2 protein chains.
Amino acid sequence: MPKLWNETIEAHRRDVRDAILDSTAALATEKGPLSVTMSQIAEKVGIGRATLYKYFPDVEAILHAWHAREIAGHLAQLTEVRDRTDRPGARLEAVLEAYALITHESHGHHDTDLGAFLHQDSGNHLAHAHQHLHHMIQELVTEAAGVGDARDDIPPAELTRYCLSALAAARTLPSDAAVRRLLTVTLAGVRPPQN
Amino acid sequence: MPKLWNETIEAHRRDVRDAILDSTAALATEKGPLSVTMSQIAEKVGIGRATLYKYFPDVEAILHAWHAREIAGHLAQLTEVRDRTDRPGARLEAVLEAYALITHESHGHHDTDLGAFLHQDSGNHLAHAHQHLHHMIQELVTEAAGVGDARDDIPPAELTRYCLSALAAARTLPSDAAVRRLLTVTLAGVRPPQN
């Protein structure tokens, strides 16, 4: 069945928007976020400046939209990992592993001018995403504790903070292998104590 | 034996310096670091402005000296805890517990204007203290692994990062009891795996 005209327009707009976000992030990484101009972005995307301004008012708005898309993508990825695993303990492990690897990979951003720029201004946005993440992990911890896959002598909210805090070290680790070792150690803290 | 005149002078200077640091920190907490003046500090300490200027050139220098003294005090406290415990496993536990409680207590500072002011400008100083701390913990981890009190399948440097990262959650916990539970969980990750 052919797409309706409206759907085609919608899909086109999304494609252009995505291209604007990608090009802007690339330029910001290359030149630093404060040096990028709307003209450079329009040129790189291959659209006119007037068209670009129909999508976004300025470079800052584009960078924040890019960041929001990145974070939403990470959360979607974690949800997907969660939903394709069955046993509670295995689910928790799989999601924490994915989270640790994402944290490790996005390390690059945090140390750049772009990272500093985004983090100084998107406090609310990040706090919201972090809340969402915390909520997701806490549900998995509670579920795992219910079947004996996680310790139940520590409140799930605290066990969740422990997990996220411990795995934050993935940012500064040199390799995926080191990230997996960090995960092993962190999960050993989560398991029921064997006295 | 009576003190030498020079020693008496030295002790007096140290006392005045400490009083300046304490008064300035109290004023900065109360009014915000940017509103404190040299005159207010001199008045609170009970010395003349001219005398104050013999010790420090401005408020910022005083606040940084205060911060440096705080950090040095925390490191000295950890060293003392380390040196009064014998068995490697117990030493590591005692030092990590003290670190977690210090982290929990200084939480107040981080969230104030004073905290923000100090952290924006003393990056090097903090990095140096953190290196010192990392080094101390890594020695304890290595020692504990050597006698079977800590796992030896993870490089001590990585186990150290795990510990410090996990215990950073102490900052956001509501009570000392929660901090001790965090410590329990973190230490469970450090112990040799029991298969």
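So the values come out like this:
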item: Solvent-free Debye scattering, log10 I(q)/I(0), computed from the Cα coordinates of the range B:22-172 at q = 0.11, 0.14 Å⁻¹; result: -0.53, -0.75
item: Which of A:184, A:135, A:103, positive extreme of dipole for chain A (C-beta unit charges); result: A:103
item: Residue exposure sequence - A:78, B:92 - by fewest surrounding Cβ within 10 Å; result: A:78, B:92
item: Nearest-0.05 FRET efficiency for residue A:4 and residue A:51, computed from C-beta distance (R0 22 Å); result: 0.45
item: Which of B:20, B:9 has the fewest Cβ neighbours within 10 Å, and the rest in rising order; result: B:9, B:20
item: Protection proxy ranking of B:171-183, A:41-53 - average other beta-carbon atoms within 10 Å, highest first; result: B:171-183, A:41-53
item: Cα-based Lys pair tally, the protein assembly as shown, threshold under 22 Å, eight or more apart or on separate chains; result: 4
item: Protection proxy ranking of B:145-154, A:62-71 - average other beta-carbon atoms within 10 Å, highest first; result: A:62-71, B:145-154
item: Sequence-separation-based contact order of the range B:32-95, relative, with Cα cut under 8 Å and 6+ spacing, percent; result: 19
item: Two-site label geometry, residue A:152 and residue B:75: point separation in nm, points 7 Å out along Cα→Cβ; result: 4.6
item: √(5λ) per eigenvalue of the Cα gyration tensor, the protein assembly as shown, largest first, Å; result: 44, 34, 17
item: Pseudo-label separations to other copies for residue A:35 - Cα-to-Cβ vector, 7 Å, nm; result: 4.1
item: Estimated dipole of the protein assembly as shown in Debye, rounded to 20 [Cβ of Lys and Arg +1, of Asp and Glu -1, Cα centre]; result: 120
item: For residues of B:51-60, the mean tally of beta carbons on other chains within 10 Å; result: 0
item: Coordinate range along principal axes, alpha carbons of the range A:1-57, Å, largest first; result: 45, 20, 17
item: Between the range B:1-56 and the range A:74-90, the Cα center-to-center distance that results, in Å; result: 58
item: Which of A:19, A:45, A:8, positive extreme of dipole for the range A:1-96 (C-beta unit charges); result: A:8
item: Peptide-level mean, for A:153-163, of C-beta atoms on other protein chains within 10 Å; result: 5
item: Student exercise, the range A:1-57 dipole from Lys, Arg, Asp, Glu Cβ charges, in Debye to nearest 20; result: 160
item: FRET E, pair residue B:106, residue A:172, Förster distance 35 Å, beta-carbon r, rounded to 0.05; result: 0.95
item: Per-residue average of Cβ from other chains inside 10 Å of B:177-183; result: 3
item: Label point 7 Å beyond Cα along the C-beta direction, distances from residue B:125 to other copies (nm, shortest first); result: 3.4
item: Span-like helix ranges in chain B, DSSP H, alpha carbon extent 27 angstrom or more, Kyte mean at least -1.0; result: B:5-31, B:59-83, B:123-146
item: Nearest-0.05 FRET efficiency for residue A:113 and residue A:61, computed from C-beta distance (R0 22 Å); result: 0.80
item: Residue B:126 paired with residue B:18, simple spin-label distance in nm, labels 7 Å along Cα-to-beta-carbon; result: 2.7
item: Computed [θ] at 222 nm, helices only, for chain B once each DSSP H run of length n ≥ 4 contributes -39500 (n - 2.57); result: -25000 deg cm²/dmol
item: Relative contact order of the range A:1-146, pairs being alpha-carbon contacts under 8 Å that are 6 or more residues apart, as %; result: 23
item: Two-site label geometry, residue A:39 and residue B:43: point separation in nm, points 7 Å out along Cα→Cβ; result: 5.6
item: For residue A:73, label point 7 Å along C-beta direction: distances to other copies, nm; result: 4.7
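A short reminder: the numbers here are calculations on the coordinates, not readings from a lab. As the structure is a computational prediction, the values presented were derived from the model and not from experiment. Virtual Cβ from ideal backbone geometry, glycine too; neighbours counted across all protein chains shown.
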